[in-house]
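The structure under discussion appears below in the form of structure tokens.
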Amino acid sequence: MKKQISLMALGMGIMLMINACQTPEERAAEKNKQQDVADNNANKSDNTPGADTASTSYNAATPNDNSSSSTESNDLSSKKKIGKGKATVDMTASSASNEKIEMDKNGVYARAEVMPSYPGGEGSLEKFVEDNLQYPQEAIDNGVEGRVLVTFDVDETGKIYRPAIASEKIGYGLEEEALKIVKAMPQWNPGKLKGKNVKTKFTLPIIYQIM
């Protein structure tokens, strides 16, 4: 034990003697050399594999994340409904004045002296159609508009029967909805000929528009 202590003391003494023998310039140079070694070690640790990769990976994942959500938002807005669908009736196109007053094989007149009418008049008919007809959503989504002609017979009591489509098919459910609304109507005022109620044919134009 004493021998180890003696050796340690001797070594320290030698180091002190060497240090005492160095000039101030040599000691400064030695200090700078030690600092350079420390700086090199620090740089090596900064350049270890994975450090820059992790930073780059993080930066690549985080910037402009909002761009994708913005694009999705624009796509959704472009797919929104085009507008609100509205259905009306065009009574000016329902006139049968050019038809002869004659009866067909079913006993129905193409035209009467007094044509059948909706109870309450044209204003009530328009309101009934606007309030009750459901514009097909598929037609709205595809921007489909048009006119559907529905023909039907009105008997002597004002009851509607045999509704049918008399116009070229548009599709997207427009014809089906037009027939549905006609079938749901209340009894009309019957047509008259020489003061007598008669079976009369009537054509109702339903106009589909996207507002």
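Read-outs: derived from the displayed coordinates by stated rules, not from any lab. For clarity, every value in this text was computed on a predicted model and none was experimentally measured. As a convention, Cβ positions derive from the backbone with ideal geometry for all residues, glycine included, and neighbour counts pool all protein chains shown.
Summing charges over neighbours of LEU174, with a neighbour being any other residue whose Cβ is under 14 Å away from its Cβ, gives -3 when K and R count +1 and D and E count -1.
Taking other residues whose beta carbon is less than 15 angstrom from the beta carbon of ALA112, and scoring Lys, Arg as +1 and Asp, Glu as -1, yields 0. Can you give the net charge of the other residues whose Cβ lies under 14 Å from the Cβ of ILE101, counting K and R as +1 and D and E as -1? Summing Lys and Arg as +1 and Asp and Glu as -1 gives +3. By the count of other C-beta atoms within 10 Å, a proxy for reagent exposure, LEU149, LEU174 are ordered fewest to most as LEU149, LEU174.
Cβ crowding within 10 Å ranks GLU175, GLU168, GLU126 as GLU168, GLU126, GLU175, fewest other Cβ atoms first.
Model label points for GLN187 and LYS84, set 7 angstrom from Cα along the Cα-to-Cβ axis, are 3.5 nm apart. Pairs over the 21 Å Cα-Cα cut-off, from the set LYS100/LYS201; LYS100/LYS180; LYS86/LYS180; LYS105/LYS180; LYS86/LYS159; LYS84/LYS201: LYS100/LYS180; LYS105/LYS180; LYS86/LYS159; LYS84/LYS201.
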